[in-house]
Amino acid sequence: MENIMEPEGTTEGQATNLAQSAASKLSQIGERTKQLGYIQDPVRQKQVILVIVCVALLLDNMLYMVIVPIIPDYLEELQKAADKAEAVVLQTNFTNSTTHKATKGNFDLQIGVLFASKAILQLLVNPLSGTFIDRVGYDIPLFIGLNVMFLSTLTFAFAENYATLFLARSIQGLGSAFADTAGIALIADRYTEEKERSKALGIALAFISFGSLVAPPFGGVLYQFAGKRVPFLILACVCLIDGVLCLTVLKPFSNRERENMPVGTPIYKLMIDPYIAVVAGALTICNIPLAFLEPTIANWMEENMHANQWEIGMTWFPAFFPHVLGVYLTVKLAAKYPHLQWFYGAIGMVFIGASSCTVPACKNFGQLMIPLCGICFGIAFVDTALLPTLGFLVDVRHVSVYGSVYAIADISYCVAYALGPVVAGQIVHDLGFVQLNLGMGLANVLYAPALLLLKNVTKMKPSFSERNMLLEDGPTGLYDTIKMEQREKKRKGLCTTIDENGVETFPQRSYSEEESSGGEYA
(Lines give C-alpha, C1' and ligand atoms only; values in the text may rest on other atoms or scores of the structure.)
Protein backbone atom coordinates (compact mmCIF):
# COMPACT_ATOMS: atom_id res chain seq x y z
CA MET A 1 0.00 0.00 0.00
CA GLU A 2 2.87 2.36 0.77
CA ASN A 3 4.39 1.76 -2.64
CA ILE A 4 1.04 2.40 -4.20
CA MET A 5 0.44 5.60 -2.22
CA GLU A 6 3.84 7.14 -2.98
CA PRO A 7 3.18 7.80 -6.70
CA GLU A 8 -0.16 9.40 -5.81
CA GLY A 9 1.57 11.75 -3.35
CA THR A 10 4.22 12.54 -5.94
CA THR A 11 1.53 13.26 -8.53
CA GLU A 12 -0.30 15.56 -6.14
CA GLY A 13 2.93 17.44 -5.40
CA GLN A 14 3.69 17.85 -9.10
CA ALA A 15 0.17 19.10 -9.72
CA THR A 16 0.52 21.60 -6.89
CA ASN A 17 3.85 22.83 -8.27
CA LEU A 18 2.40 23.16 -11.76
CA ALA A 19 -0.57 25.11 -10.40
CA GLN A 20 1.72 27.45 -8.48
CA SER A 21 3.96 27.90 -11.52
CA ALA A 22 0.95 28.66 -13.76
CA ALA A 23 -0.41 31.15 -11.22
CA SER A 24 2.97 32.85 -11.05
CA LYS A 25 3.18 33.08 -14.84
CA LEU A 26 -0.34 34.48 -15.07
CA SER A 27 0.49 37.01 -12.38
CA GLN A 28 3.59 38.12 -14.28
CA ILE A 29 1.61 38.41 -17.52
CA GLY A 30 -1.05 40.39 -15.69
CA GLU A 31 1.53 42.78 -14.25
CA ARG A 32 3.14 43.30 -17.66
CA THR A 33 -0.26 43.89 -19.24
CA LYS A 34 -1.10 46.31 -16.47
CA GLN A 35 2.15 48.20 -17.02
CA LEU A 36 1.55 48.35 -20.76
CA GLY A 37 -2.16 49.12 -20.55
CA TYR A 38 -2.26 51.71 -17.83
CA ILE A 39 -0.16 54.73 -18.73
CA GLN A 40 0.79 56.73 -15.69
CA ASP A 41 1.73 59.92 -17.53
CA PRO A 42 -1.48 61.99 -17.87
CA VAL A 43 -0.34 63.62 -21.12
CA ARG A 44 0.41 60.29 -22.79
CA GLN A 45 -2.79 58.81 -21.44
CA LYS A 46 -4.81 61.65 -22.99
CA GLN A 47 -3.04 61.09 -26.30
CA VAL A 48 -3.84 57.37 -26.29
CA ILE A 49 -7.47 58.11 -25.40
CA LEU A 50 -7.63 60.59 -28.29
CA VAL A 51 -6.33 57.89 -30.64
CA ILE A 52 -8.94 55.39 -29.40
CA VAL A 53 -11.78 57.89 -29.87
CA CYS A 54 -10.55 59.05 -33.29
CA VAL A 55 -10.32 55.46 -34.57
CA ALA A 56 -13.85 54.78 -33.28
CA LEU A 57 -15.20 57.86 -35.07
CA LEU A 58 -13.27 56.94 -38.23
CA LEU A 59 -14.75 53.43 -38.21
CA ASP A 60 -18.28 54.65 -37.63
CA ASN A 61 -18.16 57.11 -40.52
CA MET A 62 -16.40 54.68 -42.84
CA LEU A 63 -19.07 52.09 -42.13
CA TYR A 64 -21.72 54.75 -42.68
CA MET A 65 -20.42 55.68 -46.15
CA VAL A 66 -18.74 52.48 -47.36
CA ILE A 67 -22.12 51.01 -48.31
CA VAL A 68 -22.86 53.84 -50.77
CA PRO A 69 -21.18 52.17 -53.80
CA ILE A 70 -21.84 48.60 -52.57
CA ILE A 71 -25.44 48.22 -51.41
CA PRO A 72 -27.38 49.60 -54.44
CA ASP A 73 -25.48 47.35 -56.84
CA TYR A 74 -25.69 44.39 -54.48
CA LEU A 75 -29.43 44.82 -53.97
CA GLU A 76 -29.91 45.10 -57.72
CA GLU A 77 -28.11 41.78 -58.20
CA LEU A 78 -30.30 40.19 -55.52
CA GLN A 79 -33.39 41.57 -57.24
CA LYS A 80 -32.32 40.19 -60.62
CA ALA A 81 -31.74 36.76 -59.09
CA ALA A 82 -35.16 36.92 -57.44
CA ASP A 83 -36.78 37.93 -60.74
CA LYS A 84 -35.18 35.00 -62.56
CA ALA A 85 -36.31 32.56 -59.90
CA GLU A 86 -39.81 34.02 -60.01
CA ALA A 87 -39.90 33.80 -63.81
CA VAL A 88 -39.00 30.10 -63.67
CA VAL A 89 -41.68 29.37 -61.07
CA LEU A 90 -44.52 31.44 -62.48
CA GLN A 91 -43.76 31.17 -66.21
CA THR A 92 -46.31 33.88 -66.82
CA ASN A 93 -45.14 37.05 -68.57
CA PHE A 94 -48.03 39.14 -67.23
CA THR A 95 -47.42 38.25 -63.58
CA ASN A 96 -43.66 38.53 -63.95
CA SER A 97 -43.86 41.97 -65.59
CA THR A 98 -46.24 43.35 -62.99
CA THR A 99 -44.15 42.15 -60.06
CA HIS A 100 -40.94 43.51 -61.57
CA LYS A 101 -42.39 46.98 -62.13
CA ALA A 102 -43.73 47.19 -58.61
CA THR A 103 -40.36 46.19 -57.19
CA LYS A 104 -38.54 48.64 -59.46
CA GLY A 105 -40.77 51.44 -58.24
CA ASN A 106 -39.97 50.62 -54.63
CA PHE A 107 -36.25 50.10 -55.20
CA ASP A 108 -35.17 53.72 -54.60
CA LEU A 109 -37.41 53.92 -51.54
CA GLN A 110 -35.86 50.75 -50.12
CA ILE A 111 -32.35 52.15 -50.54
CA GLY A 112 -33.38 55.48 -48.97
CA VAL A 113 -34.96 53.77 -45.95
CA LEU A 114 -31.91 51.51 -45.57
CA PHE A 115 -29.53 54.48 -45.61
CA ALA A 116 -31.69 56.51 -43.21
CA SER A 117 -32.33 53.68 -40.72
CA LYS A 118 -28.97 54.20 -38.99
CA ALA A 119 -29.56 57.89 -38.34
CA ILE A 120 -33.19 57.32 -37.33
CA LEU A 121 -32.35 54.70 -34.69
CA GLN A 122 -29.38 56.77 -33.50
CA LEU A 123 -31.72 59.75 -33.17
CA LEU A 124 -34.12 57.72 -31.02
CA VAL A 125 -31.42 56.17 -28.80
CA ASN A 126 -29.32 59.32 -28.22
CA PRO A 127 -31.47 60.81 -25.41
CA LEU A 128 -31.17 57.51 -23.53
CA SER A 129 -27.47 57.03 -24.28
CA GLY A 130 -26.66 60.57 -23.12
CA THR A 131 -28.33 59.96 -19.76
CA PHE A 132 -26.65 56.56 -19.48
CA ILE A 133 -23.23 58.11 -20.15
CA ASP A 134 -23.81 60.77 -17.49
CA ARG A 135 -24.59 58.06 -14.92
CA VAL A 136 -21.91 55.42 -15.62
CA GLY A 137 -19.11 57.50 -17.14
CA TYR A 138 -17.59 57.58 -20.61
CA ASP A 139 -15.46 54.43 -20.87
CA ILE A 140 -18.14 51.73 -20.50
CA PRO A 141 -20.50 53.25 -23.16
CA LEU A 142 -17.53 53.67 -25.52
CA PHE A 143 -16.61 50.00 -25.10
CA ILE A 144 -20.24 48.94 -25.56
CA GLY A 145 -20.51 51.05 -28.71
CA LEU A 146 -17.36 49.50 -30.22
CA ASN A 147 -18.70 45.99 -29.56
CA VAL A 148 -22.05 46.79 -31.17
CA MET A 149 -20.28 48.35 -34.18
CA PHE A 150 -18.15 45.20 -34.50
CA LEU A 151 -21.31 43.07 -34.53
CA SER A 152 -22.90 45.39 -37.10
CA THR A 153 -19.86 45.19 -39.40
CA LEU A 154 -19.83 41.38 -39.30
CA THR A 155 -23.57 41.34 -40.02
CA PHE A 156 -22.98 43.55 -43.08
CA ALA A 157 -20.24 41.21 -44.29
CA PHE A 158 -22.42 38.08 -44.21
CA ALA A 159 -25.84 39.61 -45.00
CA GLU A 160 -27.51 38.14 -48.09
CA ASN A 161 -30.93 39.81 -48.12
CA TYR A 162 -32.53 43.20 -47.54
CA ALA A 163 -33.85 42.37 -44.06
CA THR A 164 -30.39 41.41 -42.76
CA LEU A 165 -28.83 44.53 -44.29
CA PHE A 166 -31.52 46.66 -42.64
CA LEU A 167 -30.81 44.96 -39.32
CA ALA A 168 -27.06 45.58 -39.68
CA ARG A 169 -27.63 49.25 -40.52
CA SER A 170 -29.94 49.70 -37.53
CA ILE A 171 -27.49 47.98 -35.18
CA GLN A 172 -24.83 50.40 -36.37
CA GLY A 173 -27.05 53.30 -35.30
CA LEU A 174 -27.34 51.76 -31.84
CA GLY A 175 -23.57 51.42 -31.54
CA SER A 176 -22.95 54.93 -32.85
CA ALA A 177 -25.30 56.44 -30.28
CA PHE A 178 -23.00 55.11 -27.56
CA ALA A 179 -19.54 55.24 -29.20
CA ASP A 180 -19.77 58.67 -30.86
CA THR A 181 -21.36 60.48 -27.93
CA ALA A 182 -19.15 58.85 -25.31
CA GLY A 183 -16.01 59.45 -27.39
CA ILE A 184 -16.63 63.17 -27.92
CA ALA A 185 -17.68 63.58 -24.27
CA LEU A 186 -14.54 61.75 -23.13
CA ILE A 187 -12.36 64.17 -25.12
CA ALA A 188 -14.16 67.15 -23.58
CA ASP A 189 -13.74 65.65 -20.11
CA ARG A 190 -10.02 64.88 -20.40
CA TYR A 191 -9.06 68.09 -22.23
CA THR A 192 -10.26 70.74 -19.80
CA GLU A 193 -8.40 73.78 -21.18
CA GLU A 194 -10.21 75.48 -24.03
CA LYS A 195 -7.20 75.55 -26.39
CA GLU A 196 -6.46 71.86 -25.86
CA ARG A 197 -10.13 70.95 -26.14
CA SER A 198 -10.56 72.82 -29.44
CA LYS A 199 -7.45 71.17 -30.86
CA ALA A 200 -8.47 67.67 -29.72
CA LEU A 201 -12.03 68.03 -31.04
CA GLY A 202 -10.62 69.40 -34.29
CA ILE A 203 -8.49 66.29 -34.71
CA ALA A 204 -11.56 64.12 -34.04
CA LEU A 205 -13.53 66.05 -36.67
CA ALA A 206 -10.72 65.52 -39.18
CA PHE A 207 -10.99 61.76 -38.64
CA ILE A 208 -14.78 61.97 -39.08
CA SER A 209 -14.30 63.79 -42.37
CA PHE A 210 -11.62 61.40 -43.57
CA GLY A 211 -13.80 58.39 -42.78
CA SER A 212 -16.82 59.83 -44.58
CA LEU A 213 -14.92 60.91 -47.71
CA VAL A 214 -12.47 58.03 -48.16
CA ALA A 215 -15.00 55.25 -47.50
CA PRO A 216 -16.85 55.32 -50.88
CA PRO A 217 -13.72 54.82 -53.03
CA PHE A 218 -12.36 52.34 -50.46
CA GLY A 219 -15.56 50.30 -50.55
CA GLY A 220 -16.04 50.59 -54.31
CA VAL A 221 -12.55 49.37 -55.24
CA LEU A 222 -12.57 46.44 -52.80
CA TYR A 223 -16.13 45.49 -53.76
CA GLN A 224 -15.21 45.37 -57.44
CA PHE A 225 -11.97 43.40 -57.09
CA ALA A 226 -12.39 41.40 -53.86
CA GLY A 227 -16.13 41.04 -53.25
CA LYS A 228 -18.67 42.41 -50.79
CA ARG A 229 -17.29 40.87 -47.61
CA VAL A 230 -13.70 42.12 -47.76
CA PRO A 231 -14.22 45.85 -46.92
CA PHE A 232 -16.50 44.98 -44.01
CA LEU A 233 -14.11 42.33 -42.65
CA ILE A 234 -11.23 44.85 -42.75
CA LEU A 235 -13.31 47.37 -40.81
CA ALA A 236 -14.33 44.66 -38.34
CA CYS A 237 -10.68 43.81 -37.65
CA VAL A 238 -9.81 47.47 -37.02
CA CYS A 239 -12.85 47.79 -34.75
CA LEU A 240 -11.77 44.71 -32.79
CA ILE A 241 -8.27 46.13 -32.29
CA ASP A 242 -9.70 49.46 -31.12
CA GLY A 243 -11.99 47.65 -28.69
CA VAL A 244 -9.07 45.68 -27.22
CA LEU A 245 -7.09 48.92 -26.87
CA CYS A 246 -10.05 50.56 -25.14
CA LEU A 247 -10.37 47.61 -22.75
CA THR A 248 -6.62 47.68 -22.00
CA VAL A 249 -6.08 51.41 -21.55
CA LEU A 250 -9.37 52.68 -20.14
CA LYS A 251 -10.16 49.54 -18.09
CA PRO A 252 -13.89 50.33 -18.21
CA PHE A 253 -15.03 47.65 -15.79
CA SER A 254 -12.41 48.32 -13.10
CA ASN A 255 -12.50 52.11 -13.11
CA ARG A 256 -14.08 53.69 -10.03
CA GLU A 257 -13.62 57.36 -10.96
CA ARG A 258 -17.35 57.64 -11.65
CA GLU A 259 -18.11 57.48 -7.92
CA ASN A 260 -16.44 60.90 -7.42
CA MET A 261 -18.09 62.60 -10.42
CA PRO A 262 -20.99 65.02 -9.96
CA VAL A 263 -24.52 64.34 -11.13
CA GLY A 264 -25.05 65.70 -14.64
CA THR A 265 -27.84 68.02 -15.73
CA PRO A 266 -30.79 66.10 -17.29
CA ILE A 267 -30.82 66.21 -21.07
CA TYR A 268 -34.28 67.80 -21.34
CA LYS A 269 -33.09 70.75 -19.25
CA LEU A 270 -30.04 71.17 -21.45
CA MET A 271 -32.31 71.23 -24.50
CA ILE A 272 -34.25 74.25 -23.18
CA ASP A 273 -31.06 76.21 -22.52
CA PRO A 274 -31.24 78.94 -25.23
CA TYR A 275 -27.49 78.95 -25.90
CA ILE A 276 -27.31 75.17 -26.36
CA ALA A 277 -30.46 75.30 -28.54
CA VAL A 278 -28.83 77.86 -30.84
CA VAL A 279 -25.72 75.71 -31.22
CA ALA A 280 -27.81 72.58 -31.88
CA GLY A 281 -29.81 74.38 -34.56
CA ALA A 282 -26.63 75.56 -36.27
CA LEU A 283 -25.19 72.04 -36.30
CA THR A 284 -28.36 70.69 -37.90
CA ILE A 285 -28.74 73.36 -40.57
CA CYS A 286 -25.06 73.41 -41.58
CA ASN A 287 -25.11 69.63 -42.20
CA ILE A 288 -28.33 69.63 -44.24
CA PRO A 289 -26.58 70.47 -47.58
CA LEU A 290 -24.18 67.57 -47.19
CA ALA A 291 -26.90 65.17 -46.03
CA PHE A 292 -29.31 66.17 -48.82
CA LEU A 293 -26.74 66.26 -51.64
CA GLU A 294 -25.23 62.83 -50.96
CA PRO A 295 -28.32 60.86 -52.10
CA THR A 296 -29.27 63.21 -54.97
CA ILE A 297 -26.12 64.52 -56.61
CA ALA A 298 -25.22 61.27 -58.41
CA ASN A 299 -28.41 61.24 -60.51
CA TRP A 300 -28.07 64.96 -61.19
CA MET A 301 -24.48 64.47 -62.41
CA GLU A 302 -25.55 61.64 -64.73
CA GLU A 303 -28.42 63.66 -66.21
CA ASN A 304 -26.70 67.06 -66.55
CA MET A 305 -22.99 66.25 -66.89
CA HIS A 306 -23.12 62.69 -68.27
CA ALA A 307 -20.56 61.90 -65.56
CA ASN A 308 -18.66 58.62 -65.49
CA GLN A 309 -18.86 56.19 -62.60
CA TRP A 310 -15.38 57.09 -61.35
CA GLU A 311 -16.34 60.79 -61.28
CA ILE A 312 -19.44 60.00 -59.23
CA GLY A 313 -17.39 57.83 -56.88
CA MET A 314 -14.76 60.56 -56.41
CA THR A 315 -17.28 63.40 -56.01
CA TRP A 316 -16.64 64.06 -52.33
CA PHE A 317 -13.05 62.88 -51.94
CA PRO A 318 -11.32 66.19 -52.90
CA ALA A 319 -13.47 67.98 -50.29
CA PHE A 320 -11.50 66.23 -47.52
CA PHE A 321 -8.55 68.60 -47.94
CA PRO A 322 -10.46 71.89 -47.51
CA HIS A 323 -12.28 70.30 -44.55
CA VAL A 324 -8.95 69.60 -42.82
CA LEU A 325 -7.79 73.10 -43.75
CA GLY A 326 -10.95 74.55 -42.19
CA VAL A 327 -10.38 72.57 -38.99
CA TYR A 328 -6.76 73.73 -38.82
CA LEU A 329 -7.61 77.40 -39.38
CA THR A 330 -10.43 77.37 -36.84
CA VAL A 331 -8.23 75.76 -34.16
CA LYS A 332 -5.49 78.33 -34.77
CA LEU A 333 -7.91 81.26 -34.76
CA ALA A 334 -9.69 79.97 -31.65
CA ALA A 335 -6.36 79.74 -29.83
CA LYS A 336 -5.54 83.34 -30.74
CA TYR A 337 -9.01 84.90 -30.52
CA PRO A 338 -11.15 82.56 -28.37
CA HIS A 339 -13.91 85.16 -27.90
CA LEU A 340 -14.81 84.97 -31.63
CA GLN A 341 -15.97 81.35 -31.76
CA TRP A 342 -19.49 82.47 -32.64
CA PHE A 343 -18.08 84.54 -35.53
CA TYR A 344 -16.19 81.57 -36.99
CA GLY A 345 -19.42 79.56 -36.93
CA ALA A 346 -21.35 82.37 -38.63
CA ILE A 347 -18.68 82.72 -41.34
CA GLY A 348 -18.86 78.97 -41.91
CA MET A 349 -22.65 79.07 -42.36
CA VAL A 350 -22.41 81.92 -44.86
CA PHE A 351 -19.74 79.96 -46.74
CA ILE A 352 -21.99 76.88 -46.81
CA GLY A 353 -24.96 78.94 -48.01
CA ALA A 354 -23.05 80.60 -50.85
CA SER A 355 -21.48 77.32 -51.97
CA SER A 356 -24.79 75.45 -51.89
CA CYS A 357 -26.45 78.05 -54.10
CA THR A 358 -23.70 77.71 -56.77
CA VAL A 359 -23.88 73.90 -57.09
CA PRO A 360 -26.66 73.87 -59.77
CA ALA A 361 -24.68 76.33 -61.92
CA CYS A 362 -21.79 73.90 -62.42
CA LYS A 363 -21.45 72.41 -65.89
CA ASN A 364 -18.68 69.83 -65.42
CA PHE A 365 -16.88 67.77 -62.81
CA GLY A 366 -14.08 70.30 -62.29
CA GLN A 367 -16.49 73.16 -61.63
CA LEU A 368 -18.54 71.04 -59.22
CA MET A 369 -15.50 70.44 -57.01
CA ILE A 370 -15.35 74.14 -56.05
CA PRO A 371 -18.75 74.49 -54.30
CA LEU A 372 -18.51 71.02 -52.73
CA CYS A 373 -15.12 71.94 -51.27
CA GLY A 374 -16.68 75.20 -50.08
CA ILE A 375 -19.49 73.33 -48.29
CA CYS A 376 -17.04 71.04 -46.46
CA PHE A 377 -14.77 74.00 -45.63
CA GLY A 378 -17.72 75.83 -44.05
CA ILE A 379 -18.88 72.74 -42.13
CA ALA A 380 -15.37 72.44 -40.68
CA PHE A 381 -15.59 76.02 -39.42
CA VAL A 382 -19.00 75.50 -37.82
CA ASP A 383 -18.27 72.14 -36.19
CA THR A 384 -14.81 73.06 -34.91
CA ALA A 385 -16.04 76.35 -33.44
CA LEU A 386 -19.31 75.17 -31.88
CA LEU A 387 -18.50 71.71 -30.47
CA PRO A 388 -16.03 73.15 -27.90
CA THR A 389 -18.60 75.87 -27.19
CA LEU A 390 -21.06 73.20 -26.05
CA GLY A 391 -18.52 71.92 -23.54
CA PHE A 392 -17.84 75.45 -22.31
CA LEU A 393 -21.56 76.17 -21.90
CA VAL A 394 -21.96 73.08 -19.75
CA ASP A 395 -18.95 74.14 -17.67
CA VAL A 396 -20.26 77.63 -16.92
CA ARG A 397 -24.04 77.13 -16.85
CA HIS A 398 -24.53 73.55 -15.69
CA VAL A 399 -22.45 70.65 -14.36
CA SER A 400 -19.22 69.57 -16.07
CA VAL A 401 -20.59 66.21 -17.22
CA TYR A 402 -20.69 66.02 -21.01
CA GLY A 403 -22.65 62.93 -22.03
CA SER A 404 -26.04 64.59 -22.47
CA VAL A 405 -24.81 67.77 -24.17
CA TYR A 406 -22.88 65.85 -26.82
CA ALA A 407 -25.85 63.54 -27.22
CA ILE A 408 -27.74 66.71 -28.21
CA ALA A 409 -25.00 67.47 -30.75
CA ASP A 410 -25.30 63.93 -32.13
CA ILE A 411 -29.08 64.35 -32.33
CA SER A 412 -28.52 67.52 -34.38
CA TYR A 413 -26.42 65.61 -36.91
CA CYS A 414 -28.87 62.70 -37.00
CA VAL A 415 -31.83 64.96 -37.80
CA ALA A 416 -30.09 66.08 -40.99
CA TYR A 417 -28.90 62.61 -42.02
CA ALA A 418 -32.21 60.93 -41.17
CA LEU A 419 -34.16 63.36 -43.35
CA GLY A 420 -31.65 63.45 -46.21
CA PRO A 421 -32.05 60.02 -47.82
CA VAL A 422 -35.86 60.07 -47.42
CA VAL A 423 -36.83 63.70 -48.03
CA ALA A 424 -34.19 64.98 -50.49
CA GLY A 425 -35.26 62.77 -53.39
CA GLN A 426 -38.89 63.78 -52.98
CA ILE A 427 -37.98 67.49 -52.92
CA VAL A 428 -35.96 67.08 -56.13
CA HIS A 429 -38.87 65.23 -57.74
CA ASP A 430 -41.49 67.82 -56.73
CA LEU A 431 -39.54 71.11 -56.84
CA GLY A 432 -36.26 70.44 -58.61
CA PHE A 433 -32.56 70.19 -57.82
CA VAL A 434 -32.01 73.94 -58.21
CA GLN A 435 -34.73 74.83 -55.70
CA LEU A 436 -33.36 72.30 -53.21
CA ASN A 437 -29.91 73.91 -53.25
CA LEU A 438 -31.24 77.45 -53.12
CA GLY A 439 -33.42 76.58 -50.13
CA MET A 440 -30.52 74.96 -48.25
CA GLY A 441 -28.22 77.88 -49.00
CA LEU A 442 -30.79 80.44 -47.92
CA ALA A 443 -31.46 78.56 -44.66
CA ASN A 444 -27.76 78.67 -43.74
CA VAL A 445 -27.35 82.36 -44.54
CA LEU A 446 -30.49 83.34 -42.61
CA TYR A 447 -29.51 81.29 -39.55
CA ALA A 448 -26.00 82.76 -39.28
CA PRO A 449 -27.11 85.96 -37.41
CA ALA A 450 -28.66 83.78 -34.68
CA LEU A 451 -25.11 82.94 -33.55
CA LEU A 452 -24.84 86.52 -32.29
CA LEU A 453 -26.56 85.19 -29.17
CA LEU A 454 -23.28 83.41 -28.38
CA LYS A 455 -21.24 86.60 -28.58
CA ASN A 456 -20.76 87.00 -24.81
CA VAL A 457 -20.48 83.30 -23.97
CA THR A 458 -16.73 83.45 -23.33
CA LYS A 459 -17.29 86.20 -20.74
CA MET A 460 -19.58 84.03 -18.63
CA LYS A 461 -18.40 82.82 -15.24
CA PRO A 462 -19.55 79.74 -13.36
CA SER A 463 -22.82 80.52 -11.62
CA PHE A 464 -24.16 78.33 -8.84
CA SER A 465 -27.35 80.35 -8.59
CA GLU A 466 -28.06 80.02 -12.30
CA ARG A 467 -27.28 76.33 -12.19
CA ASN A 468 -29.82 75.76 -9.44
CA MET A 469 -32.37 77.89 -11.26
CA LEU A 470 -31.99 75.78 -14.42
CA LEU A 471 -32.16 72.53 -12.46
CA GLU A 472 -35.28 73.76 -10.65
CA ASP A 473 -34.36 71.70 -7.60
CA GLY A 474 -31.93 71.76 -4.73
CA PRO A 475 -28.29 70.77 -4.85
CA THR A 476 -27.58 67.16 -5.77
CA GLY A 477 -24.93 65.13 -3.97
CA LEU A 478 -23.29 65.54 -0.60
CA TYR A 479 -20.62 67.93 -1.86
CA ASP A 480 -23.16 70.33 -3.41
CA THR A 481 -25.34 70.17 -0.31
CA ILE A 482 -22.48 71.06 2.06
CA LYS A 483 -21.27 73.87 -0.19
CA MET A 484 -24.76 75.36 -0.46
CA GLU A 485 -25.25 75.16 3.32
CA GLN A 486 -21.93 76.91 3.92
CA ARG A 487 -22.81 79.57 1.38
CA GLU A 488 -26.15 80.23 3.06
CA LYS A 489 -24.50 80.50 6.48
CA LYS A 490 -21.95 82.95 5.12
CA ARG A 491 -24.70 85.12 3.70
CA LYS A 492 -26.40 85.21 7.10
CA GLY A 493 -23.12 85.61 9.01
CA LEU A 494 -23.67 82.31 10.80
CA CYS A 495 -20.68 80.35 9.54
CA THR A 496 -18.79 79.22 12.65
CA THR A 497 -15.11 78.55 13.08
CA ILE A 498 -13.14 76.95 15.89
CA ASP A 499 -10.43 79.07 17.55
CA GLU A 500 -7.31 77.80 19.34
CA ASN A 501 -9.22 77.33 22.63
CA GLY A 502 -11.85 75.15 20.95
CA VAL A 503 -14.55 77.82 21.19
CA GLU A 504 -16.91 78.46 18.27
CA THR A 505 -16.72 81.98 16.88
CA PHE A 506 -18.97 83.86 14.47
CA PRO A 507 -16.80 85.84 12.05
CA GLN A 508 -17.92 88.89 10.14
CA ARG A 509 -19.78 88.27 6.95
CA SER A 510 -17.35 88.03 4.05
CA TYR A 511 -17.88 87.42 0.38
CA SER A 512 -15.99 84.58 -1.19
CA GLU A 513 -14.65 84.72 -4.67
CA GLU A 514 -17.45 82.44 -5.82
CA GLU A 515 -20.12 84.78 -4.45
CA SER A 516 -18.55 87.89 -5.87
CA SER A 517 -18.28 86.41 -9.34
CA GLY A 518 -21.10 83.88 -9.44
CA GLY A 519 -24.10 84.68 -11.56
CA GLU A 520 -22.63 87.80 -13.14
CA TYR A 521 -21.96 88.18 -16.82
CA ALA A 522 -19.85 90.79 -18.49
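The values are calculated or read from the model by the stated rules, or taken from the named source; none is laboratory data. For clarity, every value in this text was computed on a predicted model and none was experimentally measured. Note: ideal-geometry Cβ built from the backbone for every residue, glycine included; neighbour counts use all protein chains shown. The protein model used for the area step is the full one, side chains on, heavy atoms only, and it has no ligands, DNA or RNA in it. Shrake-Rupley method; radii C 1.70, N 1.55, O 1.52, S 1.80 Å.
For the pair ILE241 and LEU446, how long in nm is the line joining their label points, each one 7 Å along Cα→Cβ?
Calculated label separation equals 4.8 nm.
With a 1.4 Å probe and all protein chains left in place, how much accessible area per residue does segment 213-327 have, in Å²?
In whole numbers, segment 213-327 has 47 Å² accessible per residue.
Estimate the FRET efficiency between LEU128 and TYR337 by the formula 1/(1 + (r/R0)^6), using the beta-carbon distance for r and 41 Å for R0, to the nearest 0.05.
0.60
How many angstrom lie between the Cα centre of segment 376-438 and the Cα centre of segment 271-347?
One Cα centre to the other: 10 Å.
Give me the extension gain from LEU453 to TYR328: residue separation times 0.36 nm, minus the current Cα-Cα distance, reported in nm with one decimal.
So the extension gain works out to 42.5 nm.
Toward the positive end of the charge dipole of segment 170-314, about the Cα centre and with charges on Cβ (Lys, Arg +1; Asp, Glu -1), which of ALA282, PHE207, MET301 goes farthest?
After comparing all options, I get PHE207.
Simple spin-label model, 7 Å along Cα-to-Cβ: ASP430 to GLU196 in nm?
Distance between label points: 5.1 nm.
Could you please put LEU431, LEU233, LEU436 in sequence from largest to smallest accessible area, using a 1.4 Å probe?
Result of the area sort, largest leading: LEU431, LEU233, LEU436.
For a label point 7 Å from the Cα of VAL113 along Cα→C-beta, name the residues of segment 414-440 whose backbone N is under 15 Å from it.
Backbone N within reach: 421-423.
Magnitude of the Cβ-charge dipole of segment 339-466, K/R +1 and D/E -1, about the Cα centre, nearest 20 debye?
280 debye
Would you kindly derive the ³J(HN,Hα) couplings of segment 150-166 from the backbone phi angles with the Karplus curve 6.51 cos²θ - 1.76 cosθ + 1.60 (θ = phi - 60°), listing them in order in whole Hz, with x for Gly and Pro?
After applying 6.51 cos²θ - 1.76 cosθ + 1.60, I find 4, 4, 4, 5, 5, 5, 4, 4, 10, 6, 10, 8, 5, 5, 5, 4, 5 Hz.
Going by average Cβ neighbours within 10 Å, how do the peptides 204-211, 442-449, 301-308, 283-290 rank, with the highest at the top? Could the numbers behind the result be given before it?
Numbers: 204-211: 22.8, 442-449: 17.9, 301-308: 14.2, 283-290: 24.4.
Ranked from most to least packed, the peptides come out as 283-290, 204-211, 442-449, 301-308.
Would you kindly derive the ³J(HN,Hα) couplings of segment 278-287 from the backbone phi angles with the Karplus curve 6.51 cos²θ - 1.76 cosθ + 1.60 (θ = phi - 60°), listing them in order in whole Hz, with x for Gly and Pro?
5, 5, 4, x, 5, 5, 5, 5, 5, 8
Please report the spacing between the Cα centers of segment 170-239 and segment 56-72 in Å, no decimals.
So the separation of the two Cα centres works out to 9 Å.
How much length would be gained if the chain were fully extended between ASN304 and THR248, taking 0.36 nm per residue of separation minus their Cα-Cα distance, in nm to one decimal?
Separation in residues times 0.36 nm, less the Cα-Cα distance, equals 14.9 nm.
Modelling each spin label as a point 7 Å along the Cα-to-Cβ direction, I'd like the PHE225/ALA87 distance in nm, to one decimal.
Computed distance between label sites PHE225 and ALA87 equals 3.3 nm.
Under 1.5 on a/c is rounded, so check that first for segment 214-304, then, if it is not, pick prolate when a/b is larger than b/c and oblate when it is not; a ≥ b ≥ c are the square roots of the alpha carbon gyration tensor eigenvalues.
oblate
Considering only protein heavy atoms and a probe of 1.4 Å, how much of the accessible area of segment 348-387 is carbon and sulfur, as a whole percent?
76 percent
Check VAL399: other-chain or 5+ apart residues with amide H under 5 Å from its amide H, H built from backbone geometry?
Amide H neighbours of VAL399, under 5 Å, 5+ apart: THR265.
So how do 156-163, 371-378, 214-221, 329-336 stack up, highest first, on mean other-Cβ count within 10 Å?
Values: 156-163: 15.5, 371-378: 24.5, 214-221: 20.2, 329-336: 17.8.
In decreasing order of mean packing, 156-163, 371-378, 214-221, 329-336 become 371-378, 214-221, 329-336, 156-163.
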